[in-house]
Amino acid sequence: MAADDLSRLKIDKSAMNVQQGRRKKPMLIIGGAALLVLAAVLFWMGVFSPAQSVQVATVSQTYPSQSFTLLNASGYVVAQRKAAVASKITAQLLEINVEEGSRVKKGDIIARLEGADAAAAREQARANLSVSRYSLAQARAELEDAKSSFGREKELLAQEYTTKASFDAAEARYKKAVAGVSGAESAVKAAEAALEGTRVSVEYTLIRAPFDAVVLTKNADIGDIITPLGAAANAKAAVVTIADMNSLQVEADVSESNLEQVKAGQPCEIQLDALPDKRFRGEVHMVIPTADRSKATVMVKVRFLDSDPRVLPEMSAKVAFLSKPVGPSEEKSLTTINPAAVVSRDNKSVAFVIKDNTVEEQEIATGGKLGDLLVVTGGVKAGDRVVLNPSKGLTAGSRVKQAEK
């Protein structure tokens with residue numbers, strides 16, 4: 001009896017295994033179906049398809065002038081009128097009225113130096129001039145009196161009412177008065193010249209702009225000692241450096257072998273590295289009549305036909321020497337594509353744009369040709385990577401890889 005009771009306490013494992021098997025069958029069916037769906041999706045996406053090897057080109061922005069460019073050269077923007085403005089005297093800088101970027105007109109006061117001694121000398125010279133003018137007035141009055149006395153003595157001598165000695169004394173006084181006036185007039189001129197000299201000395205304390213320009217650098221501050229030579233310790237020579245922005249030109253180096261393609265007055269197109277999306281009209285100003293032996297180049301100066309405040313000295317520039325001037329319709333850039341990237345599908349012009357190693361079929365609109373390139377007016381943009389000579393089996397979503405060159 002005890003053994004029967006103990007057997008009843010045992011767990012029937014066979015029954016439990018049957019129940020667990022019944023529960024696992026639906027889960028296996030659902031998991032298998034999910035795997036089949038995932039595999040179908042991945043197959044549709046082309047994951048299991050091998051990537052096609054294709055040639056790739058890039059849609060670009062092209063300027064019409066590139067089709068009639070004879071030669072390209074690089075250089076820098078240089079101001080043809082540039083000055084380091086300094087003083088002709090040695091003095092302390094008391095005032096500076098400009099900073100970098102300030103625009104000045106010819107004659108504007110840029111800075112002022114200490115000049116109390118020059119101002120005092122000017123006042124002294126002005127006083128000396130006044131004394132000289134008073135002396136001249138006195139000499140002229142003396143001359144008038146001597147002239148009258150001499151005239152009376154002359155008449156009296158003719159009538160024998162005076163002596164020859166009195167006449168001679170009157171004549172001598174008259175001549176002395178004439179000489180006195182001449183001397184006083186010379187003294188006035190000397191005093192005027194001295195006053196002008198002191199005015200020049202005072203003017204030297206004012207540093208003025210020699211021409212219309214823009215301040216490039218400020219080289220001194222208030223309290224600095226300014227000297228013409230700048231040789232003294234802690235002394236400054238130039239107060240500011242200025243440049244005439246209307247005199248900016250590009251100085252480009254042209255190879256000697258290509259020099260025959262360049263001539264004065266030739267139309268050019270200028271591109272600045274700082275403004276890559278802008279093209280400036282220009283023309284050859286002059287070809288410098290000497291060569292650089294070390295580089296085998298000749299410097300060519302190209303002037304801007306249109307001014308732009310964004311153009312600054314020392315900017316890097318590229319110059320395209322053209323066979324003809326750029327027309328109004330040729331100034332704007334165009335979106336261009338290699339004609340081999342365009343194919344016809346369902347009577348539409350399409351290109352295959354590469355994105356994330358797959359391609360998208362993109363309908364495009366064309367607008368003529370520019371040299372060997374096709375002008376695109378819609379559908380793709382500059383910078384897009386497209387497939388060259390796409391095969392008939394290439395479709396949207398196909399995986400691609402760039403062929404090795």
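The values are calculated or read from the model by the stated rules, or taken from the named source; none is laboratory data. This structure is a prediction, so every number in the text was calculated from the model and none was measured. Cβ atoms come from the backbone with ideal geometry, glycine included; neighbour counts cover every protein chain shown.
In the set Thr366, Thr395, Thr336, only one residue is modelled with pLDDT of 85 or more and of a type in the set (Ser, Thr, Tyr); that residue is Thr336.
When you scan segment 338-359, how many residues do you find that are within 12 Å of Gly379 (Cβ to Cβ) and loosely packed, with under 15 Cβ neighbours inside 10 Å? Final tally of qualifying residues: 1. Restricting Gln138, Gln92 to residues that are assigned by TED's automatic domain parsing to the domain that holds Pro210 and surrounded by fewer than 14 Cβ atoms within 10 Å (Cβ to Cβ) narrows the list to Gln92. I'm trying to understand the selection: among the residues of segment 329-348, which are part of a strand (DSSP E or B) and within 19 Å of Gly393 (Cβ to Cβ)? Residues satisfying the conditions are Val343, Ser344, Arg345, Lys348.
The residues listed here are Leu322, Leu394; of these, the one that is buried (at least 16 other Cβ atoms within 10 Å of the Cβ) and under 30 Å from Asn258 (Cβ atoms) is Leu322. The lone criterion from (1) surrounded by 17 or more Cβ atoms within 10 Å (Cβ to Cβ); (2) modelled with pLDDT of 80 or more; (3) not polar (S, T, N, Q) left unmet by Val400 is number (2). Restricting attention to segment 196-223, the residues that are surrounded by 19 or more Cβ atoms within 10 Å (Cβ to Cβ), in a loop (DSSP other than H, G, I, E, B) and more than 25 Å from the chain's Cα centre (by Cα) total 1. Within the option set Ala237, Ala213, Ala190, Ala209, being of a type in the set (A, V, I, L, M, F, W, C), under 28 Å from Gln124 (Cβ atoms) and not assigned by TED's automatic domain parsing to the domain that holds Glu314 holds for one residue only, Ala190.
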